[in-house]
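A quick write-up on the structure given underneath.
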Amino acid sequence: MTGRPNFLFLITDQQRSDWLGCYGHPVVETPNVDSLASCGTRFADFHVAAPICMPNRASIMTGRMPSRHGLRYNGCTLPTSANTFADVLAAAGYDTALIGKSHLQPFTHDPARHPPDADGLPPRPVEEAWKPLAEELSQEDPDLYEGEEYEIGAPYFGFNHVEFASAHGDRCRGHYQQWLRKQAPDWQALWDDANELPHNYSCPQAYRTPVPEDLYPTTWVADRAIDYLSDTSRADAPFLALVSFPDPHHPFNPPGKYWDMYSPDQFELRLPYEAHQNPPPPLAWLERNFREGGGQFTKQTAMRVGDQELREAMALTAGMVTMIDDHVGRIVNGLKERGLYENTVILFTSDHGDYLGDFGLLLKGAMPFRALTQAPMIWFDPADRSARVSDALASSIDIGPTIIDRAGLTPYRGVQGKSFLSCAKGSDRHRDELLIEFNDGAAKLGFDRPARVRTLRTKEWRYTIYAGEDWGELYDIQADPDETRNLWESPEHESLRGRLALRLAHHLTCQMDESPRATLMA
């Protein structure tokens, strides 16, 4: 290996850490990702800063918590004034590319389902605490891509080469949609619900797409990544390529052979609802809602479903995961064919998990069970191909600082993440504890206000408070790794609860922005 390393950053959407062969899944086949882990470092206790798409993606990019960078819940926008680790590498001469899903800005026109002000106040002459920022509209807005061509205004959060596949499933927007219109004159028919292929699945959002494998967004993302890596016209500068797959996020619609690659009968429901000894109120509410025939708040909201529907969702998710893995193999082979493999650090992670069967649930919500908060993290460095499993406690805000560290650079002020490069080299010491934030955009799951949730995670405990509620969650991670017995009301743990509350208070006290630094004396 010579010179500064390249970085290939692979990220999936809403994939649990344990849905990879190298993390012990007994059914799902992921030989290409497993191969990276077999000669790299697999992190066994890696968690997200926020268990939901947009806030955590912004935390990955900035190395900062949502309460710092401002993208607090889905539907917000990361300010274009925010610096990212891609900005740092670009300033140091790296060629930077983002291919696939970004989701740092909204990519939908659907209005947020916020109730009108219910406090009986008259109209507000001034609506918000802040004056509107003088910023452009979201560059992920689907209207921008309705024409034949739309070139995004670069740099985009530090990326000079950008190709979007916005949204999810078989109907992604952005540059993917522009490409699809050229490749398939019948693209509108491929997107017509009336042309769904026949199937007998009953799980919510199971859809057998007529879009063939070669036109599906996951294939497009991989193809565009390979084209980028193969582009000989680029300068000899090192590169950062963030390749972001919109799958396996629902809807559950793997194309072609991936639809029936797995059978629902192959999947075990290891944690039924009854496995939780004293369900917290949102979990109990979901169970009641299910028994009473209630529906979802939105298509993204957690829901309780039946056993067969859970198994079907698992089988279809497995198909999407294996499809991603096949294309990871193609991209890595592209590195090898171009002679770039020996000088490219490869990362694999996801933006957060999915309940995907735990306690009878699908999708994601306010309860930060490890199914949501624990993400895969694999670090492959050709300079050190020792196979390791790191038990270090680490956070998604640590990714950017680690890449910057490996590039031999220094991060900007205000970064909260810490480089885990020493852990990739064998150390298990990194964090004693970490903070996880969740903010909902509307009242859901039985809450009478949008949930504000803060979690302190240590190697031994998960401590969670819900703003305005007189209950919380406390789990002994060592004795109860599946988080099935809430110790919040346990008299024997009252003192511990107080100590963890103090530790969480210290974390919340530190949520002050250290940037910019003062330049003048008071």
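Please tell me if Asp432 is under 20 Å from Pro280 (Cα atoms) and surrounded by fewer than 19 Cβ atoms within 10 Å (Cβ to Cβ).
no
Could you check segment 354-371 and list, in sequence order, the residues that are touching a strand residue (DSSP E or B) at 6+ places or on another chain (Cβ under 7 Å) and assigned to a helix (DSSP H, G or I)?
Result: Gly360, single match.
Output the residue which, of all residues in segment 489-512 that are aliphatic (A, V, I, L, M) and open to solvent by 60 Å² or more (accessible area, probe 1.4 Å), is nearest to Phe447 (Cα to Cα).
Checked segment 489-512; the qualifying residue nearest to Phe447 (Cα to Cα) is Leu508.
Yes/no matrix, rows are residues, columns are (1) of a type in the set (Lys, Arg); (2) in a strand (DSSP E or B):
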{"residue": "Leu393", "(1), (2)": "no, yes"}
{"residue": "Ile403", "(1), (2)": "no, no"}
{"residue": "Thr410", "(1), (2)": "no, no"}
{"residue": "Ala442", "(1), (2)": "no, no"}
{"residue": "Leu456", "(1), (2)": "no, yes"}
{"residue": "Arg462", "(1), (2)": "yes, yes"}
{"residue": "Ile465", "(1), (2)": "no, yes"}
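Could you check Asp231 against (1) surrounded by 13 or more Cβ atoms within 10 Å (Cβ to Cβ); (2) modelled with pLDDT of 95 or more and say which number it fails?
Failing condition for Asp231: (2).
Given the conditions (1) open to solvent by 20 Å² or more (accessible area, probe 1.4 Å); (2) in contact (Cβ under 8 Å) with a residue 24 or more places away in the chain; (3) out of contact with any Asp or Glu (no Cβ under 6 Å at 6 or more places or on another chain), which single one is not true for Tyr273?
Status for Tyr273: all satisfied but (3).
Pairs only if they're at least six apart or on different chains, beta carbon under 8 angstrom, first in segment 176-191 and charged (D, E, K, R), second assigned to a helix (DSSP H, G or I) and surrounded by 15 or more Cβ atoms within 10 Å (Cβ to Cβ); list them, first residue then second.
Arg181/Trp187
Specify the residue that is farthest from Gly3 (Cα to Cα); the eligible residues are those in segment 333-353 that are open to solvent by 10 Å² or more (accessible area, probe 1.4 Å) and in contact with a strand residue (DSSP E or B) (Cβ under 7 Å, 6 or more places away or on another chain).
Among them, the one singled out is Leu340.
Could you count how many residues in segment 415-440 are small (Gly, Ala, Ser), modelled with pLDDT under 95 and in a loop (DSSP other than H, G, I, E, B)?
Residues in segment 415-440 being small (Gly, Ala, Ser), modelled with pLDDT under 95 and in a loop (DSSP other than H, G, I, E, B): 2 in total.
Output yes when any residue across segment 40-47 is assigned to a helix (DSSP H, G or I), under 27 Å from Arg270 (Cβ atoms) and open to solvent by 10 Å² or more (accessible area, probe 1.4 Å), and no when none is.
no
Mind telling me which of the residues Asp236, Asp265 ends up being of a type in the set (D, E, K, R), farther than 22 Å from Thr12 by Cα and in contact with a Lys or Arg (Cβ under 8 Å, 6 or more places away or on another chain)?
Answer to the selection: Asp265.
Is there any pair linking a residue in segment 73-95 that is over 15 Å from Met61 (Cα atoms) and among the aromatic types (Phe, Trp, Tyr) to one that is open to solvent by less than 30 Å² (accessible area, probe 1.4 Å) and assigned to a helix (DSSP H, G or I), with Cβ under 9 Å and at least six apart or on different chains, and which?
Hits for this filter: Tyr73/Met54; Tyr73/Pro55; Tyr73/Pro66; Tyr94/Ala86; Tyr94/Val88.
In segment 165-200, how many are under 22 Å from Leu363 (Cβ atoms), touching a Phe, Trp or Tyr at 6+ places or on another chain (Cβ under 7 Å) and outside any strand (DSSP E or B)?
Qualifying residue count, segment 165-200: 5.
Go through (1) over 19 Å from Leu421 (Cβ atoms); (2) touching a residue at least 24 places away in the same chain (Cβ under 8 Å); (3) in a loop (DSSP other than H, G, I, E, B) one by one and return the number of the condition Arg4 breaks.
(1)
Just to verify a result, which residue in segment 149-164, among those that are in a loop (DSSP other than H, G, I, E, B) and in contact (Cβ under 8 Å) with a residue 40 or more places away in the chain, is surrounded by the fewest Cβ atoms within 10 Å (Cβ to Cβ)?
Asn160
Considering Ala387, Ala375, Ala366, Ala371, which residue is touching a residue at least 40 places away in the same chain (Cβ under 8 Å) and surrounded by fewer than 22 Cβ atoms within 10 Å (Cβ to Cβ)?
The conditions single out Ala387.
Considering segment 205-264 alone, what residues qualify as being of a type in the set (Gly, Ala, Ser), farther than 22 Å from Ala167 by Cβ and assigned to a helix (DSSP H, G or I)?
Correct list: Ser230 only.
Six or more apart or on different chains, Cβ under 9 Å: which pairs go from a residue in segment 228-251 that's farther than 17 Å from Arg57 by Cβ to one that's open to solvent by less than 40 Å² (accessible area, probe 1.4 Å) and basic (Lys, Arg)? Could you list them?
Short answer, once both residue conditions are applied: Tyr228/Arg234.
Got a sec? Which of Leu36, Leu104, Leu71 is open to solvent by less than 30 Å² (accessible area, probe 1.4 Å), within 28 Å of Phe369 (Cα to Cα) and at pLDDT 95 or above?
That would be Leu36, the only listed residue that is open to solvent by less than 30 Å² (accessible area, probe 1.4 Å), within 28 Å of Phe369 (Cα to Cα) and at pLDDT 95 or above.
Condition check ((1) touching a helix residue (DSSP H, G or I) at 6+ places or on another chain (Cβ under 9 Å); (2) open to solvent by less than 20 Å² (accessible area, probe 1.4 Å)) across all residues:
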site	(1), (2)
Glu437	yes, yes
Gly446	yes, no
Pro450	no, no
Arg454	yes, no
Thr458	yes, yes
Trp461	yes, no
Leu474	yes, yes
Ala479	no, no
Leu487	yes, yes
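The values are calculated or read from the model by the stated rules, or taken from the named source; none is laboratory data. Remember, predicted model here, so these are calculated numbers, not experimental data. As a convention, Cβ positions derive from the backbone with ideal geometry for all residues, glycine included, and neighbour counts pool all protein chains shown. Only protein heavy atoms, including side chains, enter the accessible area calculation; ligands, DNA and RNA are left aside. Shrake-Rupley method; radii C 1.70, N 1.55, O 1.52, S 1.80 Å.
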